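Below is one structure, written out as structure tokens; comments come after it.
The values are calculated or read from the model by the stated rules, or taken from the named source; none is laboratory data. Worth saying up front: this structure is predicted, and the values here are computed from it rather than measured. Cβ atoms come from the backbone with ideal geometry, glycine included; neighbour counts cover every protein chain shown.
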Amino acid sequence: MAHLIAPSVLSCDFANVQRDVEMINASNADWFHVDVMDGVFVPNISFGFPVIRAINKHATKPLDVHLMIVEPDKYIEDFAKAGADVLTVHYEACPHLHRTIQAIKAAGMKAGVALNPHTPVALLEDVIEELDLVLIMSVNPGFGGQSFIENACKKVTQAKALIEKSGSPAKIEVDGGVNLDTGKRLIDAGADVLVAGSFVFKSDNPTTTISDLKSM
């Protein structure tokens, strides 16, 4: 399977969101990656439901929504109604993770679980067969533009082994510090989906940058 590219709209020009959404629509990108932060689980605040609904109104590709929030179970139905196709919660924020995964699927979305840089992949062993996505954070969550944490490549390899052993359908996504160098190493390690924010939107030609990431 060819790898997927999911530009992170956290790095787009907020004064021109529709323009940037339409750029992604017309590009070789596969998904929109939408980071939701509450200022509690991570030290930053980002999109709420009105912005996600606005993005969804213009997007022609799936919305990959990454929740960096506490108590995500309270909002699962709301994210489904806002247009999320894939909903990813953090392992660290979910004391009843299996129940959360089931609720996401019951709401008609694909279910993902994200792991912070310090969280071992092995902790997903008892839920891996239920997952559609494993998100490896290659930076500490909360802000764009951070430096890549090298250990992420090893975690991708570990996640790939766990998925293959269990027969899980889960894709492996990586978010943080992705560029042509780190992206190639992540794909070689077994990553299926690359999230790229600053690298895309701060480039001279975002459409070309997306194509370059896609063609690695």
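Write out, first by first residue and then by second, each pair whose Cβ atoms fall under 8 Å of each other, whose residues are 6+ apart or on separate chains, and whose first residue, in the stretch 36-59, is surrounded by fewer than 19 Cβ atoms within 10 Å (Cβ to Cβ) while the second is outside any strand (DSSP E or B) and among the polar types (S, T, N, Q).
As it stands, the answer is Ala54/Gln18; His58/Gln18; His58/Asn25, since those pairs meet every condition given.
Which ones in the stretch 46-66 are more than 16 Å from the chain's Cα centre (by Cα), of a type in the set (Lys, Arg) and within 18 Å of Gly108 (Cβ to Cβ)?
Arg53
Between Asp126, Asp73, Asp132, which is surrounded by 18 or more Cβ atoms within 10 Å (Cβ to Cβ), modelled with pLDDT of 95 or more and among the acidic types (Asp, Glu)?
Asp132
Specify the residue that is farthest from the chain's Cα centre (by Cα); the eligible residues are those in the stretch 90-119 that are under 24 Å from Asn44 (Cα atoms) and free of Cβ contacts under 8 Å to residues at least 12 places away in the same chain.
This residue is Pro95.
Counting only residues that are in contact with a Phe, Trp or Tyr (Cβ under 6 Å, 6 or more places away or on another chain) and assigned to a strand (DSSP E or B), which one in the stretch 66-99 is nearest to Glu129 (Cα to Cα)?
Leu87
Could you list all residues from the stretch 11-35 that are outside any helix (DSSP H, G or I), surrounded by fewer than 18 Cβ atoms within 10 Å (Cβ to Cβ) and of a type in the set (D, E, K, R)?
Passing the criteria: only Asp13.
Hand me the list of helices (runs of 4 or more DSSP H) wholly inside the stretch 176-216 holding 2 or more residues that are polar (S, T, N, Q) and touching a residue at least 12 places away in the same chain (Cβ under 8 Å).
Once the helices (runs of 4 or more DSSP H) in the stretch 176-216 are filtered for at least 2 residues that are polar (S, T, N, Q) and touching a residue at least 12 places away in the same chain (Cβ under 8 Å), what remains is 206-214.
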